[in-house]
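Notes follow the structure.
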Amino acid sequence: MRVPVNNYNPDFNITRASHAVWSVKDLDASEAFYTQVLGFVVTAREADTLYLRGLEETCHHSLALVKRDGAPTCDRIGLRVYTEDDLDKARAYFLKAGLPNAFVEVPHQGRTLQASDPLGTALEFCATMPAVERKLTQFHTYLGGCAQRFDHYQVLLPDLEAAGEFYTDIGFRLSEYMVDATEKLMALFVQRKGNPHDIAIMYGRGPRIHHVAYTTVDVHTLIRACDVAGSLGYGRSVERGPQRHGPGHALFVYFRDPDGHRVELFNTHYLTLDIENAPARWDPSNIHRNLPWGLPAQRSWYEEATAFTGVDLRDTPVKPNPMTLERYLFERS
Ligand SMILES: [Fe+2]
């Protein structure tokens, strides 16, 4: 087992995880769910794409929903870099690493570099988007879960050593990690923006995206989001929570959108930014720390995730999958 080592002088400067592109079957159904239950703002709706953002966000979009038939998939996960120069440096990095990459035109984004990590995760990097109005203080427009801003995403990947090496090499810093009794890496939490994670990487069949996560106002708003979901007939979309995480410590609720994509609303992350902040090591068998309130998730939360469009899945070489480990341990306790 190799614990990833931070690289404080990466080849290019990533600032944060910033957006996702998902396919959906029915834009009307998606717009109703995301605006009324989760409280997103619609920036634009064009022929086949709905562009959404959180109330706090001034970027054009942090979630783009593309109408498409077939199994719902994730087209891309977006990362922001600081300057245009960083995009060119990123291009040079991916070329040198022998990883797929190409500059492409993407509506409502600046120059965009699409690339893959070594496990096939579909990424895209941009430095700018058109700026739009920040709705943060327009409290009369707040609905449902009052989604504020894109904070992080979670992926399932079948090789955490390779993932850790790649993501720390491009500048992500390890904040927390999980190691099992056999000294196998089971989870990595890495960040660029100074809170516990921009990317949560779990050991599992992949690459798949487990969820995107948005901050909300406070714990009362988490409850309100559940109530609004229930009163509008979306009660079954509330998949897990309200509850508190072990790693990251956040209070959270997970929702499933009409196509099954998972969105987390949460608050209460902590600051981890200074160079002396050592990564926290977790033991996945310690259910009292991992599940502080003692409540396991539904089976679907452990087992279901969204595949990337056109990307083949790889099984984990070692069982059990960590996303099921917590459940098995809970049932045995
Ligand atoms: Fe999360």
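Overview of results
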read-out	value
Selection from Pro258, Gln109, Ser300, by position along the positive dipole direction of the chain (Cβ)	Ser300
Positive-end residue, the chain charge dipole about Cα centroid, Cβ charges, pick of Val217, Thr168, Ser285	Ser285
Signed unit charges on C-beta, dipole axis of the stretch 14-140, positive-most listed residue Thr128, Val81, His140	Val81
Dipole magnitude of the stretch 37-147 about its Cα centre (Cβ charges: Lys, Arg +1; Asp, Glu -1), debye to nearest 20	120 debye
Protection proxy ranking, peptides 81-92, 249-260, 96-107, average beta carbon neighbours within 10 Å, highest first	249-260, 81-92, 96-107
Carbon + sulfur, % of accessible area of the stretch 150-332 - ligands and nucleic acids excluded, 1.4 Å	51 percent
12 Å cut-off, amide nitrogen to a point 7 angstrom out along Ser116 Cα→Cβ, residues in the stretch 199-217	207
Nearest-20 debye value, the stretch 150-332 charge dipole, Cβ charges on Lys, Arg, Asp, Glu	440 debye
Placed amide H near Cys59: partners under 5 Å, 5+ positions off or other chain	Val132
5 angstrom amide H check on Arg16, placed H, neighbours 5+ away	Arg80
Test item: Cα-centred dipole of the chain, Lys/Arg +1 and Asp/Glu -1 on Cβ, debye	440 debye
Accessible surface, per residue, of the chain when the full set of protein chains is kept, probe 1.4 Å, Å²	41 Å²
For peptides 20-27, 218-225, 195-202, 261-268, sequence by mean Cβ density within 10 Å, most packed first	195-202, 261-268, 20-27, 218-225
Carbon/sulfur fraction of accessible area - the stretch 54-132, other protein chains in place, 1.4 Å, %	56 percent
In Hz, Karplus ³J(HN,Hα) per residue of the stretch 182-197 (6.51, -1.76, 1.60; θ = phi - 60°; x = Gly, Pro)	8, 6, 9, 5, 10, 7, 10, 10, 10, 9, 10, 9, x, 10, x, 7
Under-5 Å amide H pairs with Asp75, H placed in peptide plane, nonlocal only	Val21, Trp22, Ser23, Thr309
Per-residue ³J(HN,Hα) for the stretch 171-180, Karplus 6.51 cos²θ - 1.76 cosθ + 1.60, θ = phi - 60°, Hz, x for Gly and Pro	x, 6, 10, 6, 9, 8, 7, 10, 10, 8
Helix-derived mean residue ellipticity, 222 nm - over the chain, DSSP H n ≥ 4, -39500 (n - 2.57), to 500	-5500 deg cm²/dmol
Per-residue HN-Hα couplings for the stretch 72-87 [Karplus 6.51, -1.76, 1.60; θ = phi - 60°; Hz; x = Gly/Pro]	x, 9, 9, 6, 7, 10, x, 10, 9, 10, 6, 9, 4, 4, 5, 5
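The values are calculated or read from the model by the stated rules, or taken from the named source; none is laboratory data. Note that this is a predicted model, so its numbers are computed, not measured. FYI the Cβ positions are ideal-geometry reconstructions off the backbone, even for glycines, and counts take in every protein chain you see. Surface areas here come from the heavy atoms of the whole protein model, side chains and all, with no ligands, DNA or RNA. Shrake-Rupley method; radii C 1.70, N 1.55, O 1.52, S 1.80 Å.
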